[in-house]
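J.: Dropping the structure in here first, questions after.
The numbers here are math on the coordinates, done by the rules we state, and not lab data. Here the structure is a predicted model, which is why all the values come from computation and not from measurement. Cβ placement follows ideal geometry from the backbone for every residue including glycine, while neighbour counts extend to all protein chains displayed.
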Amino acid sequence: MAGRIALALALVLATAAHGDPVPAKPAEILEQIDRLVRTRFYAPELLPQRGWDQAVGEARAALATAPAGRRSEIFARLVARLATSHTEYIAPDNPRYAQILSIFGDGLASAKDRCPDPSKLPPLPIEVPDIGVWWTRLDGHWFVGGLIGDGPAKLAGLVLGDEVVTANGRAFQPVGAFAAEPGTKVTLGFRRNRGEALRTLTVEPRHVKPQVAFRSAIASSARILERGSARIAYVRVWSWAGADMQDALEDAISELNQEHPTAFVLDIRDGWGGASPDYLRIFDARVPVIEFVDRDGHGQRIDRHIHVPAAVLINSGSRSGKEAIAYGVKKHQFAKLVGERTGGAFVAGGIFCLDDGAVLYLASAAVTIDGDVLEGKGVAPDVAVPFDLRYAAGRDLQLEAALHALGAS
């Protein structure tokens, strides 16, 4: 039964990936989006400033002649006119679709004010074919923005910055490329260097629940980087949404502390927010360390805090709750912020089901931190390191800068 469900979902996603919303009622979807924005958007005074009425009229005119495959673009462009974070039209062919349903899916089907017809969604908790890549779209091209855990992509040899161009000889799209029957291998055509001929490799997607994969990736990212006499602990957090993510992070810190690191790098670039400001407790070195020794002399040390000099990696993809962490780190000088200014995406938001199977991510409340507004502003790094990941060939300039800032030779 589970296999049939997964296959059915894959077929739904494959259909959506070719741009054929189900059901195809563009005028009704437009009305649905317009109604939700007018009644649920957190700042109604912004609607006339952003020209919402005009934008809706333009979308209506565009939909009248647009082929089915362009409707999602029209809806996405309409919602983007609000120029607000946590506000986005997310179609099933968007790699963020499964991720956001994985974050907000619990209870969504029973929330009639947010999801009047749950049958428009795939079965929850959502499970999708995946190869363990954070996909970054730049100038119409798909790049490996990061490798999530030890997934099929990493095992096959993809690295940070690779441009993926084709899947089984067809134009690459991150959802549709892997939406075949479970166990089906996919040959990817990719470029590691700008302008070169396509290289190929083969991956076998695995079915994952995105939040589960993000949580597992915390542990699999944890490692010690040896640079000369320095032993620098590293761990990455892709999604910080949920207390179980913080538990996984603290477990990883405890494991790394067994290796007696001389410094620490916490990587919170890209991914999803959700962190609570009290997660800054990992930097509280005042917490006593407990160690157990049994009668046979076997010991266990529990140390879930960072006691050594540290750097926190940030970029424009560090958003929402991750920005609260960056703000606190900088304000209290817990660590050096290295990278690029955070995304300035600091309002509260939630999702609504749409009748075409997409979801509307919509800002629902203004948020400040210690009275400061981060929306549209973000948090600046202490050590600025611009980084264009395109064709990086696996080299991470921001991580290298963090290691250097921590004294690694």
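J.: Looking at the chain, do any whole DSSP H helices span at least 20 angstrom along their long axis by alpha carbon and average 1.0 or above on Kyte-Doolittle, and which?
T.: Result, helices passing both filters: 2-17.
J.: Stretch LEU201-ARG295 to full length: gain in nm at 0.36 nm per residue minus the Cα-Cα span?
T.: Numbers: separation 94, 0.36 × 94 = 33.84 nm, distance 5.23 nm.
Full extension from LEU201 to ARG295 adds 28.6 nm.
J.: Find how much the distance from ALA156 to LYS25 grows on full extension, using 0.36 nm per residue of separation minus their present alpha carbon separation; answer in nm with one decimal.
T.: 43.1 nm
J.: Separate question: For region 355-370, list residues with backbone N below 13 Å from a point placed 7 Å from the Cα of ASP117 toward its Cβ?
T.: Under 13 Å, as judged by backbone N against the label point of ASP117, lie 355-358 of region 355-370.
J.: Multiply the residue gap between ASP244 and GLN258 by 0.36 nm, knock off their C-alpha separation, and tell me the result in nm, one decimal place.
T.: 2.9 nm
J.: Counting other C-beta atoms within 10 Å, which of ILE232, ILE100 has the fewest, and how do the rest follow?
T.: With the fewest neighbours first, ILE232, ILE100 line up as ILE100, ILE232.
J.: Residues with beta-carbon under 15 Å from that of ALA348, excluding ALA348: net charge, scoring Lys, Arg +1 and Asp, Glu -1?
T.: Taking every Cβ under 15 Å from that of ALA348, the sum is +1.
J.: List, in the order given, every pair from LYS154/LYS322; LYS154/LYS185; LYS154/LYS209; LYS112/LYS322; LYS120/LYS185 whose Cα-Cα distance in the structure shown is over 20 Å.
T.: Result: LYS154/LYS322; LYS112/LYS322; LYS120/LYS185 exceed 20 Å.
J.: Let me ask something additional. How high is the relative contact order of the chain, given as a whole-number percent (alpha carbon pairs under 8 Å, six or more residues apart)?
T.: 17
J.: For region 59-144, which semi-axes, largest first and in whole Å, follow from the square roots of 5 times the eigenvalues of its Cα gyration tensor?
T.: Value: 23, 20, 13 Å, ordered largest first.
J.: Translational diffusion coefficient, Stokes-Einstein: compute it for the chain using the Kirkwood radius over C-alpha pairs as Rh, at 4 °C and 1.567 mPa s, and state it as an integer in µm² s⁻¹.
T.: For these conditions, the coefficient is 57 µm²/s.
J.: What's the exposure ranking of VAL79, VAL144, going from fewest to most Cβ atoms within 10 Å?
T.: VAL79, VAL144
J.: How high is the FRET efficiency from ALA230 to SER110, r the C-beta distance, R0 51 Å, rounded to 0.05?
T.: On the way: r = 51 Å, r/R0 = 1.01.
Efficiency at R0 = 51 Å is approximately 0.50.
J.: Moving on. Lys and Arg at +1, Asp and Glu at -1: add these up for the other residues within a Cβ distance under 14 Å of ALA43 and post the number.
T.: +2
J.: Sum -39500 (n - 2.57) across every DSSP H segment of at least 4 residues in the chain, then divide by the residue count to get the 222 nm mean residue ellipticity, nearest 500.
T.: Computed mean residue ellipticity for the chain: -9000 deg cm²/dmol.
J.: On to the next question. Taking 30 Å as R0, compute the FRET efficiency from the Cβ-Cβ separation of GLN54 and SER364 and round it to 0.05.
T.: Between GLN54 and SER364 the formula returns 0.80.
J.: Provide THR184, THR87, THR65 in ascending order of the number of other Cβ atoms located within 10 Å of each residue's Cβ, fewest first. List each step's numbers first, then the result.
T.: Details: THR184 13, THR87 21, THR65 7.
Arranged by neighbour count, lowest to highest, THR184, THR87, THR65 become THR65, THR184, THR87.
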